[in-house]
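Engineer: Dumping the structure here so I can ask a few things about it.
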Amino acid sequence: MSTEISAKVKNFLKDFDAVVITGASSGIGEGIMKCVAGACGVKIFAVSRSEPELGGINAEFIRADLAVAEQVQSACETVLKKAHSISKFPKILLVNNAGFGGYGPFPEPSLEHNLRMIDLNVRALTALCGAFLPMMAPGSAIVNISSTAAWQPCPQLATYAATKAYVFSFSLGISSELKERGIRCLCVCPGPTSSNFFKAAGFDSPPLPGNFGHKPSDVASATLSALASGKKFVVVGALNKFQTLLAKILPVNLVLGVSAAVLKRVRSTKP
């Protein structure tokens, strides 16, 4: 997949007053930040626990652990205040990318880990959408990063898949509501992507072959192209599109059995 940004995407991005990206320090969030910065000079707010390598990018880092409700509120207030200094009623692109997973039979690795996952993947994403939407001018947009795991139940990955199923359903629901306001909402469903996901899930090294999955830059390119085209969701990668189609049309018990077998095998590679 090409990582080139088309003229259509560049022109689309130039309309925004500010771009807010959570989880921008690595992976897909970092990829989107670099794509946006390469396409236009719009102000970027990077919200994450660790500081990203900006390398001359026109971005302001806001440190926040979005799994903590108080820090979500503080980050929202900080960004909105700064966005209002750019425009009284700004056109904002909000990219909700922050999230993490965890492999193993529930509640491994711990109940606290699973609850924190829900706080970040679900609660923080919902809170950010709710905080920013009243301030968004027509022409604004929201990107919520889900996963192909959202399309079927995933034993050994049950909480993570459930949080991403929420993101998928929530995103499509509000996309219909926001159409009347001239605001777009895109849900992105990538497959395995080279990022810190596996490390956060407890693997010393990725359990999948090095040539399997996506590069963050590929997901970023597909995301921005789909957003500029007005799509409500995008599944990244031809193989993933085929897999999600099968998950939709096959009996759920069959899909569950296949998912269990595959993820159990992945689990067996974990030290």
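Engineer: If PHE242, PHE233 are ordered by their accessible area, calculated over protein heavy atoms with a 1.4 Å probe, which sequence runs from highest to lowest? Don't jump to the answer; show the numbers that get you there.
Structural biologist: On the way: PHE242 115, PHE233 85 Å².
Correct descending sequence by accessible area is PHE242, PHE233.
Engineer: Continuing with the same structure: For HIS113, HIS84, give me the order by solvent-accessible area with a 1.4 Å probe, most accessible first, ignoring ligands, DNA and RNA.
Structural biologist: Values: HIS113 40, HIS84 75 Å².
So, going from the largest accessible area down, we get HIS84, HIS113.
Engineer: Same structure, new question: Kirkwood hydrodynamic radius of region 49-125 from all distinct Cα pairs, in Å?
Structural biologist: On the way: mean 1/r = 0.0690 Å⁻¹.
Hydrodynamic radius (Kirkwood, Cα pairs) of region 49-125 is 14.5 Å.
Engineer: Given the convex hull of the Cα atoms of the chain, what is a quarter of its surface area in nm²?
Structural biologist: Values: hull surface 54.4 nm².
Seen from a random direction, the Cα hull of the chain projects 13.6 nm² on average.
Engineer: Which of the lysines could a cross-linker span from LYS248 if the Cα-Cα distance has to be under 20 Å and same-chain partners fewer than 8 positions apart are dropped?
Structural biologist: In chain and number order, the partners are LYS164, LYS231, LYS232.
Engineer: Springs between alpha-carbon pairs under 10 angstrom, Gaussian network model over the chain: which of SER217, SER169, SER48 fluctuates most?
Structural biologist: Most flexible of the set in this elastic network: SER169.
Engineer: For the pair ILE118 and GLU60, what calculated FRET efficiency results from E = 1/(1 + (r/R0)^6), where r is the Cβ-Cβ distance and R0 = 41 Å, to the nearest 0.05? Could the numbers behind the result be given before it?
Structural biologist: Values: r = 29 Å, r/R0 = 0.70.
FRET efficiency, GLU60 to ILE118: 0.90.
Engineer: Taking the full set of protein chains and a 1.4 angstrom probe, give the accessible area of ASP218 in square angstrom, rounded to the nearest 10.
Structural biologist: In the full protein context, ASP218 sits at about 30 Å².
Engineer: Give me the 1.4 Å probe accessible area per residue for region 83-175, excluding ligands and nucleic acids, in Å².
Structural biologist: Working: 3450 Å² over 93 residues.
Value returned for region 83-175: 37 Å² of accessible area per residue.
Engineer: Where is the GNM fluctuation largest for the chain (alpha-carbon springs, 10 angstrom cutoff): ILE183, ILE57, ILE118?
Structural biologist: Per the Cα network of the chain with a 10 Å cutoff, ILE57 tops the list.
Engineer: While we're looking at this one, here's another question. Calculate what fraction, in whole %, of the accessible area of the chain sits on carbon and sulfur atoms when a 1.4 Å probe is rolled over the protein chains. The partial results should precede the final answer.
Structural biologist: On the way: 7090 of 12760 Å².
Carbon and sulfur atoms account for 56 percent of the accessible area of the chain.
Engineer: What figure in square angstrom, to the nearest 10, would you give for the accessible area of CYS35 with a 1.4 Å probe?
Structural biologist: Accessible surface of CYS35 is approximately 20 Å².
Engineer: Subtract the Cα-Cα distance of LYS179 and LEU250 from 0.36 nm times their separation in residues, and report this length gain in nm to one decimal. List each step's numbers first, then the result.
Structural biologist: Working: separation 71, 0.36 × 71 = 25.56 nm, distance 3.16 nm.
My answer for the length gained is 22.4 nm.
Engineer: Right, next: Calculate I(q)/I(0) for region 9-71 by the Debye formula, one identical point scatterer on each C-alpha and no solvent, and give its log10 at q = 0.15, 0.22, 0.24 Å⁻¹ to two decimals.
Structural biologist: These q points yield log10 I(q)/I(0) values of -0.42, -0.83, -0.95.
The values are calculated or read from the model by the stated rules, or taken from the named source; none is laboratory data. Source: prediction; values computed, not measured. Here Cβ is always computed from backbone atoms with ideal geometry, including for glycine, and neighbour counts include all displayed protein chains. Calculation scope for accessible area: heavy atoms of the full protein, side chains included, ligands and nucleic acids excluded. Shrake-Rupley method; radii C 1.70, N 1.55, O 1.52, S 1.80 Å.
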